[in-house]
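Student: Please see the structure below; I have some questions.
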Amino acid sequence: MELKAPDFRKREDKLSGWLDGEVRTFLFDSFSDDYCTRTGMEFLRGVDIPIKPGDLAAFHGEGGLPVTDLADNMALVIGANTQFKYRDAYISYLALYFNEKLVDVLAQKGAEELKAQHYRKSCIYFRAALLLDSQNRQAMFGYACCCREWYLSMEGEDQQELIALLKKESTEYFEHVTRVYPEDAAAYYFLGYAYVNAGQYRKSQLAWKKFLQLSEKQEGAEDREEIKEVRERLASLEDPVKIEEGVNLLTAGHLEDGLRILERYVGTDYDSWWPLHYYLASAYRELGFFEESIEGFKKVLALQPSHEESCECLAELYMAEGDAESAEKYRRKAEIIRKNRE
């Protein structure tokens, strides 16, 4: 069965609020009923047409605005808001005057804006291209790259909601590229990094192995820096992949098997990774090893003092052991952390 990316027109648009500022200066007018009838464009009757403020006189002039200008304006509007109410009418207009190469033109514009670090406008052009052809390789890959470069550019900024959305969009579209175009090595390269950043080390390992499998066949592969880089990254993933396996076993209820893997990493270079101790402590608690569990949750707090869940677990464990004073101490600490967060 042929694999396809989702229809971009049917996807929920969560980015429009961060993009519509690019088209907020547009004015909207309409073609006359007579013009729509004469040109066979009844689908534009009563439809608002986006026009740049400086072009309003030309729009009403004898020659009108060039079709290419109107097409660019429409593409920008629907790329900024994929659920714009006149989207389908605009797409019909674009289809009437342009062939399928328009998708490549829009994707190329997206690439040019990305190179200039105009992330919002780049994103808009790639999204407009995807509205015309959801399976276009250049548009899919470009959109994923744009979202990635955009969120990387915001490092240190207080834009967590937008960054999270862009990370999700970027990862999803790199994944779509690998499904629809499984020989696209570059998509696997970027997916490896996306998965590592999400703590999905096994998936990252598989993506990078596929990247190497595809790339090492190419001429001059041995001299390519990204290939050397990925080989080094893969070597460094061996322990994180095993730790992830142990965590997955614990969360699936296979406590003894998970502990057998994770306990090896206590006292190693991974000893400063607080989630290791949190998962171990949680497993000890489930197995009734309260002393080990208490020690583990305290280790979490030594590494991550504001970890509310560990405080709550310690309060419950001490209460179960009849130590009301210690239980109250950690209950209050959890409450302080919660209030500070709020």
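The values are calculated or read from the model by the stated rules, or taken from the named source; none is laboratory data. Source: prediction; values computed, not measured. Heads up, the Cβs are rebuilt from the backbone with ideal geometry, glycines too, and the neighbour counts pull from every protein chain shown.
Student: Please tell me if Val105 is out of contact with any His (no Cβ under 6 Å at 6 or more places or on another chain) and farther than 19 Å from Leu15 by Cβ.
Tutor: For Val105, the condition - out of contact with any His (no Cβ under 6 Å at 6 or more places or on another chain) and farther than 19 Å from Leu15 by Cβ - is met.
Student: Contact list please: Cβ distance under 7 Å, first residue in the range 258-286 and in contact (Cβ under 8 Å) with a residue 24 or more places away in the chain and more than 16 Å from Leu317 (Cβ to Cβ), second residue hydroxyl-bearing (Ser, Thr, Tyr) and part of a helix (DSSP H, G or I), pairs at least six apart or on different chains.
Tutor: These pairs meet every condition: Leu276/Tyr265; Leu276/Tyr270.
Student: Restricting to the range 26-59, what's the tally of residues that are closer than 30 Å to His118 by Cβ and outside any loop (DSSP other than H, G, I, E, B)?
Tutor: The number of residues fulfilling the criteria is 14.
Student: Quick one: which helices (runs of 4 or more DSSP H) sit completely within the range 67-137 and have at least 2 residues that are out of contact with any Pro (no Cβ under 9 Å at 6 or more places or on another chain) and within 16 Å of Arg24 (Cα to Cα)?
Tutor: 67-80, 119-132
Student: Another one. Residues Leu56, Leu102: which one is farther than 29 Å from Leu166 by Cβ, over 23 Å from the mean Cα position of the chain (by Cα) and surrounded by 13 or more Cβ atoms within 10 Å (Cβ to Cβ)?
Tutor: Leu56
Student: Do we find that Ala320 is surrounded by 15 or more Cβ atoms within 10 Å (Cβ to Cβ) and either at pLDDT 95 or above or not acidic (Asp, Glu) (or both) in this structure?
Tutor: So Ala320 fails the test.
Student: Pick from Gly46, Gly64, Gly40: which is surrounded by 13 or more Cβ atoms within 10 Å (Cβ to Cβ), under 18 Å from Leu94 (Cα atoms) and of a type outside the set (A, V, I, L, M)?
Tutor: Gly64
Student: Among (1) modelled with pLDDT under 90; (2) of a type in the set (A, V, I, L, M, F, W, C); (3) not in a loop (DSSP other than H, G, I, E, B), where does Leu3 come up short?
Tutor: Going through the list (1) modelled with pLDDT under 90; (2) of a type in the set (A, V, I, L, M, F, W, C); (3) not in a loop (DSSP other than H, G, I, E, B), Leu3 breaks only (3).
Student: Moving on to the next point. I need a count of the residues in the range 162-182 that are among the charged types (D, E, K, R) and either under 10 Å from the mean Cα position of the chain (by Cα) or modelled with pLDDT under 95 (or both).
Tutor: Summing the residues that are among the charged types (D, E, K, R) and either under 10 Å from the mean Cα position of the chain (by Cα) or modelled with pLDDT under 95 (or both) in the range 162-182 gives 4.
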